[in-house]
Structures are given as C-alpha cells and as structure tokens.
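Below is one structure; the comments refer to it alone.
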Amino acid sequence: MKVAGIIKQSLVDYPGKIAAVLFARGCNFYCPFCHNGHLLIKPGKAGAEYLDWQEIIELLRERKSFLDAVVVSGGEPCLNPELPQALSQIKELGYTTKLDTNGSRTAVLAQLVEQSLVDYVAMDIKGVLEYKKYLEACGGRLTNEDFLNVKGSLYLLQKAEIEVEFRTTVVPPLHKQEDILAIARHIQGASRYSLQQFNPGHTLNPDYSYITPYTREELQYMAQECRPYVKEVKVLNT
Ligand code: SF4
C-alpha cells in the first residue's frame, strides 16, 4: 500500500483509543480548503515518495502493546488497490481499524465493511448533496460517478453495523448555516456528525488563506440546530 506518512501515536484520531495513523498517497478531489497538498501527488509522480509497507507492518507489530488501533487516512485511501489486503494484515496483528474517506468509492467501502476489515469509518460530507455545490467544495474535481458514489456511501454507512461518523469542514464561502442543517437532515438518524473548524493556513487554493472562519460560537449554534436529526453532533477544532 502507498503510504506517504505516519503518525506513530495519536490520541485524537480514533475516539477513545491510542492509534497510529497512516496517510495514503493520492486523492481524486481537490478541496480548496485541504491542508494535505503534499499527500495529493499521485504514486509514480515526482515527489511522490512512500514508505516501505513491510517496515510499517514491523513497526505496528513492535508497538502493539502501546497502541489500540490503526487509522488509515489520506489523501483518499480507497483509491489504493492494496487497501483491503493492507487492512487485513493490520487486523491480523490484532488492531481495531478506522478509515477516513471522502466516500467516492462505494464498492471498496462495501467490501471493507462486508469483510469486517474496518471497525469505524469517518466519511467527509463536503457540502449539500447537490452536484454543483458539491463540485465547488471538491475544487472542481468530481465526476458524476464520484457524486453517485458519495450518495451511495452515505446510504451504505447508514445501514452498516460499525461505528460511523460523518463530518464536514465548515468553510464560510461554501457553507451557510442552512446548508449544514440540510446535510444533517439528509443523514437523519445517523449516530455522529462532526463540524470541523476550517483553518485558513496552507490551503490548496491560496485564496482560501484569506477567508475568516466561522467563530466557535457560530459553529456551536449550527451544531445545536443539527441535534434534532443526529444523535451526537460535535464541533472539532483543527
Ligand atoms: S478529499 Fe479533499 S480534503 Fe480530503 S485529502 Fe482529498 S483533497 Fe484533501
């Protein structure tokens, strides 16, 4: 699997667990507010180095007594054909697993759920589920198939018997308060929805560096408005 980076120990990436975090290389979206530009260089291109997979497995084996879980984040991990095999190896070491995804590869997600290779999935919802708005939030890189898959993944995860979190990075030009409420209504009955504070530093689209984020109070108000639809709504800082 093409892993561009690793955090050996994190207390914030898997709720309630000490986790290692692996960052997969490459992404099909180009969200203007993304901070992971260095991860988006596709495998095989200049600057797209990645770590040796066998060394990662050895490291995870050695650290098993300190860690509870492994989070596979990105980039978009589901673009990586070796993902199911990689998760299977991590599971064999005895770890609980979490996947962070943009939801654009429903078939891969379905396979991972079906084969019990993920215990927790956190899926980004980039914006209101209307193609034009979603396209803008993805930086203009969203095929019709990707968009259908995003909706398919939402449906799949709402039925899956694993831990699921939906999350939106709330960015003033992309999301008004009523948009966040529309998303909450769309995922009505979900167990967890997180509103992630937008951080204007080092964004993929440099224009977004000049945007003033919503205040914490404004995000808390949006969260409050979403609570009738989702069991747990949290505001996350970057
Ligand atoms: S989905 Fe968007 S935010 Fe996530 S890695 Fe890809 S470009 Fe960045």
Selected from Ala137, Ala160, Ala46 as most flexible by GNM, with the chain as the system and alpha-carbon contacts under 10 Å: Ala46
Normalised contact order of the stretch 127-238, rounded percent, pairs of Cα under 8 Å and 6 or more residues apart: 27 percent
Extent along principal axes [Cα atoms of the stretch 1-112; Å; largest to smallest]: 37, 29, 26
Solvent accessible area, Å² - Thr215, 1.4 Å probe, full protein context: 60 Å²
Per principal axis, descending, Cα span of the stretch 159-238 in whole Å: 39, 24, 18
Only Lys, Arg (+1) and Asp, Glu (-1) charged, at Cβ; the chain dipole about Cα centre in debye: 140 debye
Residues with amide H under 5 Å from that of Val235, placed H, sequence gap 5 or more: Leu195
Proximal lysines to Lys45, defined as alpha-carbon separation beneath 29 angstrom and excluding residues fewer than eight positions away on the same chain: Lys2, Lys8, Lys98, Lys126
Computed helical MRE - 222 nm, the chain, DSSP H runs ≥ 4 contributing -39500 (n - 2.57), nearest 500: -9000 deg cm²/dmol
Value of D in µm² per second that Stokes-Einstein yields for the stretch 84-201, Kirkwood Rh from Cα pairs, at 25 °C (0.890 mPa s): 164 µm²/s
Rounded FRET efficiency, nearest 0.05, which uses the C-beta distance separating Lys133 from Val12 and R0 of 41 Å: 0.90
Apportionment of accessible area to carbon and sulfur, the chain, percent (1.4 Å): 49 percent
Cα-based Kirkwood hydrodynamic radius, the stretch 3-236, one decimal, Å: 18.2 Å
Those residues of the stretch 20-44 whose amide nitrogen sits under 20 Å from the label point placed on His202, 7 Å along Cα→Cβ: 20-43
Within straight-line cross-link reach of Lys132, lysines at Cα separation under 21 Å, skipping those fewer than 8 residues along the same chain: Lys151, Lys176
Cysteines having no other Cys beta carbon under 4.7 Å from their own, within the chain: Cys27, Cys78, Cys138, Cys226
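The values are calculated or read from the model by the stated rules, or taken from the named source; none is laboratory data. Keep in mind that what you see is a predicted model, and the values were worked out from it rather than measured. Positions of Cβ are generated from backbone atoms using ideal geometry, with glycine treated the same way; all protein chains shown enter the neighbour counts. For the accessible areas, the whole protein counts, side chains as well, though only heavy atoms, and no ligand, DNA or RNA atoms are used. Shrake-Rupley method; radii C 1.70, N 1.55, O 1.52, S 1.80 Å.
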